[in-house]
1. If you scale each eigenvalue of the Cα gyration tensor by 5 and take the root, what three semi-axes come out for the range 216-329, rounded to whole angstrom and sorted largest first?
2. When ranked by the protection proxy of mean other Cβ atoms within 10 Å per residue, highest first, what sequence do the peptides 313-324, 20-31 form?
3. Provide the packing ranking of 298-310, 83-95, 5-17, 145-157, i.e. peptides ordered by the mean count of other C-beta atoms within 10 Å per residue, highest first.
4. Students often check this: by mean Cβ neighbours within 10 Å, which of 235-248, 43-56 ranks highest, and how do the rest follow?
5. Before rounding to the nearest 500, sum -39500 (n - 2.57) across all DSSP H runs of length at least 4 in the chain and divide by the residue total; then give [θ] at 222 nm in deg cm²/dmol.
6. Round to a whole angstrom and tell me the spacing of the C-alpha centers of the range 101-166 and the range 239-254.
7. Which aspartates and glutamates does K97 reach when only Cα atoms under 17 Å apart count, and residues fewer than 8 places away in its own chain are ignored?
8. If r is the Cβ-Cβ distance from T305 to R98 and R0 is 56 Å, what FRET efficiency results, to the nearest 0.05?
Amino acid sequence: MEKQFKIRHVVFLVAPNTTLLTTVSPLEVFSKAVDLFDSIQPDVDFNYQTHVVSMGKGKQISTSSGLPIVSEGSYTGIDFPIDTLIITGFARYLEPKRKALLLEWIKNESRNIRKVCSVCSGAFMLAEAGLLDGKRATAHWSKNEEFAQAFPCVDVQTARIFIKDGNVYTAAGITSGIDLALALLEEDLGRTFALHVARWLVFYLKRPGNQSQFSTYLDCKKIGHPTIRTICEWIIDHLQEDIVVEDLAEQAAMSPRNFARVFVKELRITPARFINKLRVENAGRHLIETQLSIDEIASQCGLKTGENLRRQFLNFMETTPAQYRKNFQSSFPEASI
């Protein structure tokens, strides 16, 4: 007798003029998962069905790249139970009355939805609907300052790839929608299945949500203050050494207090925290690219001991070095492609 599957409806609620990849990246993950069900046969009693619906009236949704998306129709036509809702984009192009109705719909429907998600500025919609009050959340790095100012009740994490808080998930945007979708698959179907999907998409590294949206090394290139930029470049070249903030201030010909003030103004992080963040990122590369022990990596990155490396990793990455290495060095199960 053929196995009967329940259907989990995954709905992509798409805003007008959204970024194309914000929608199609996570959509492709779920579509590929459906394709692989028969060949991999996970031990579950459900399968997914994906739906793309518009925040507006018609089926066609404009995108910022000019290539339109043809949806099933408006969200108002949904007549099935939603398992997972993924909001892509912000409804800034809807007239106020229609937007208010949409927000009320999101608020009401969320009570019965197992997972409520956003990608990029879709987090603004969740926040306006009141679903992020008191929760941790993120959006695209270019929007996070605006996000935090607009919604002080939200604990905005400015550089995270994606965040889960309860049954609410927010992702940074663009390709991070892939990371979010793979994480959702892993929760439902296990790590092996999620890695199969990642392999099919040639997305070999499944990044954890606490991975930074951008490298601290890149931040150095954007520093406007020439002296602080020079100091940061010096720090990068001397991470293995003992670095004392007072010595950095002397290099900069500043008092320690003034140096710290200017540094924080330029980078929005204290010098000591900046140094440790660089060391953790450097350690992360060693964990991925080498087979060195935790103690050896700690020594090479200036963190001295494996215990200090573990402590700093938990502080910045919210994971252990061992788990980080496992996430990035995982071997993919064989599958015929």
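Computed from the coordinates by the stated procedures, all read-outs in this text should not be read as laboratory data. All figures in this text were calculated on a predicted structure; none of them were measured in a lab. Neighbour counts run over all protein chains shown; Cβ positions are idealised from the backbone, glycine included.
1. After diagonalising the Cα gyration tensor, the semi-axes are 27, 14, 12 Å.
2. Highest-to-lowest ranking by the protection proxy: 20-31, 313-324.
3. The densest-packed peptide leads the list: 83-95, 5-17, 298-310, 145-157.
4. Values: 235-248: 13.7, 43-56: 17.5.
Order by mean packing, descending: 43-56, 235-248.
5. -14000 deg cm²/dmol
6. When both Cα centres are located, 40 Å separates them.
7. Excluding near neighbours in sequence, the set is E128.
8. 0.45
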